[in-house]
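Derivation of every value follows stated rules applied to the coordinates shown; laboratory data play no part. Bear in mind that the values here come from a model prediction, so they are computed numbers and not experimental data. Neighbour counts run over all protein chains shown; Cβ positions are idealised from the backbone, glycine included.
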Amino acid sequence: MLKLGIIGTNFITDRMLKAAQETGQYQLTSVYSRHLSRARDFGQQYGATEFYDSLEDFFDQGDFSVVYIASPNSLHYPQARLAIENDKDIIVEKPAFVNPHEYHEIVKLLKDHPRARLVEGARQIHTPLFVAAAKQLKKMKQVQGASFTMMQYSSRYDQVLNNADPLPNIFTKEFAGGALQDLGVYCVYDAVTLFGMPDSSVYYPTLIKTGVDGKGTAILQYHDFTVVLNFSKTTNTYIGSEIHGQRDTLWLDNAADFHQATYFDEEKKAHELSADVHRNPLYDELIDFAKLFNNPNDAVEETKYQRWLKLSQEVNQVMYDLRQSADLVFPADENY
């Protein structure tokens with residue numbers, strides 16, 4: 001049983017802990033929050049016994065081997081550094097880090113602490129349905145393009161419209177927020193996982209009054225096709241995502257939480273891809289991560305880990321390139 005510590009007491013942490021319980025591989029022991037009462041109230045319902053409002057005490061005294069970081073985006077880097085320095089395994093929510101400079105420093109630190117592992121919570125790529133879609137893609141004779149769409153109206157946007165004080169972290173530059181960082185990262189993960197690094201990329205954001213992007217369209221240019229990414233936190237969509245062949249098409253119902261994938265062959269006949277879909281979209285990644293953390297010296301698991309780490313770095317680079325193209329700068333960028 002992997003002893004788990006958490007940073008961040010929000011809805012995604014709640015969802016993760018429910019999935020962790022279902023795997024039977026994790027036991028929550030330690031909770032950090034800026035407010036001790038919040039740590040206690042949140043953690044006790046999952047059986048935690050240690051509660052901290054000091055990060056230093058959390059890492060120095062906490063009885064856990066794996067830490068889940070689900071804090072605001074701009075805090076991932078300093079918190080991950082502390083975790084690595086304390087030889088903890090880390091699950092960091094997407095996007096892992098704000099820019100390639102931070103990632104470079106993290107990779108250097110990981111080399112100095114070989115007992116630590118760091119994985120990014122890119123949940124969809126660990127699901128059997130995504131794996132099945134990737135296998136089907138390899139059977140397509142030609143790819144002429146793709147579109148990945150992720151649009152979900154955020155209830156926290158209402159706070160922006162109502163001039164709340166303070167503003168929600170996810171809609172501020174200070175905490176490296178915006179649609180690209182929060183939802184667009186899923187689309188970028190889909191593209192880079194399936195097609196590799198693009199030759200070039202450009203982002204056309206729609207800015208909101210806080211200075212971050214509420215929605216936007218990104219274009220990734222590959223050698224002989226283009227991938228279009230559409231994402232938003234200020235509107236909803238009811239369309240799926242598609243990969244276009246010549247006469248055939250691969251359709252996905254969602255860019256992140258897959259429930260259905262259909263391959264339309266050259267005769268326009270639909271073939272539903274068969275794969276188990278767990279009710280909690282974080283379940284599959286937590287199973288994969290537990291195998292890694294429980295078998296750190298296994299060659300197969302190490303190969304998977306290095307692939308995930310490389311993919312995470314590539315996604316981070318594409319995200320940064322997209323922001324650079326749109327002149328979207330965060331405070332963390334100005335440190336380098």
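Computed from point charges on the beta carbon alone (+1 for Lys and Arg, -1 for Asp and Glu), the dipole magnitude for the chain about its Cα centre is near 460 Debye. On the beta carbon distance between TYR204 and ARG247, with R0 = 35 Å, the FRET formula returns roughly 0.70.
Counting only C-alpha contacts under 8 Å and six or more residues apart, can you give the relative contact order of the chain as a whole percent? Numbers along the way, then the final one.
Values: 674 pairs, mean separation 63.0, N = 336.
This gives 19 percent for the chain.
Pairing the Cα long axis of helix 11-23 with the longest principal axis of the chain, what angle in degrees results, from 0 to 90 and rounded to the nearest 10? Computed tilt is about 90 degrees. Peptides 147-155, 261-269, 189-197 ranked from most to least packed, by the mean per-residue count of other Cβ atoms within 10 Å: 189-197, 147-155, 261-269. The label-point distance for GLU266 and GLU174, in a model that sets each label 7 Å from Cα toward Cβ, rounds to 5.9 nm.
Note on LYS310 and HIS278: their simple-model spin labels are 2.6 nm apart, each label 7 Å out from Cα toward Cβ. For segment 2-118, the relative contact order comes to 24 percent (Cα pairs under 8 Å, sequence separation of at least 6). Measuring between their Cα centroids, segment 271-336 and segment 88-107 lie 10 Å from each other. The lysines whose alpha-carbon is closer than 19 Å to the alpha-carbon of LYS233, local same-chain residues fewer than 8 away aside, are LYS94, LYS173, LYS209, LYS215. Looking only at segment 245-267, which residues have a backbone nitrogen under 16 Å from a spot 7 Å from the Cα of LYS18 in the C-beta direction? From segment 245-267, the list is 257-258. The label point for ARG81 and the one for GLN221, both projected 7 Å from the Cα toward the Cβ, are 3.7 nm apart.
Output the 0 to 90 degree angle, nearest 10, between the alpha-carbon long axis of helix 100-112 and the longest principal axis computed from the alpha carbons of the chain. Taking Cα atoms only, the helix is inclined about 60 degrees.
Relative to the dominant Cα principal axis of the chain, helix 128-139 is inclined by about 30°. What shape does segment 177-288 take by its C-alpha gyration tensor, where a ≥ b ≥ c are the square roots of the eigenvalues and a/c under 1.5 counts as rounded, a/b above b/c as prolate, and the rest as oblate? Since a/c reaches 1.5 but b/c is at least a/b, the shape of segment 177-288 is classed as oblate.
Enclosing the Cα atoms of the chain in their convex hull gives a volume equal to 136 cubic angstrom per residue. Looking at the square roots a ≥ b ≥ c of the eigenvalues of the Cα gyration tensor of segment 103-231, which shape do they give, rounded for a/c under 1.5, prolate if a/b is larger than b/c, or oblate? Oblate, since a/c reaches 1.5 and b/c is not below a/b.
Would you mind getting me the FRET efficiency between SER65 and HIS113? Use the beta-carbon distance for r and R0 = 22 Å, nearest 0.05.
Numbers: r = 13 Å, r/R0 = 0.61.
The calculated FRET efficiency here is 0.95.
With a cut-off of 14 Å between beta carbons, the residues surrounding ALA39 carry a summed charge of -2, where Lys and Arg count +1 and Asp and Glu -1.
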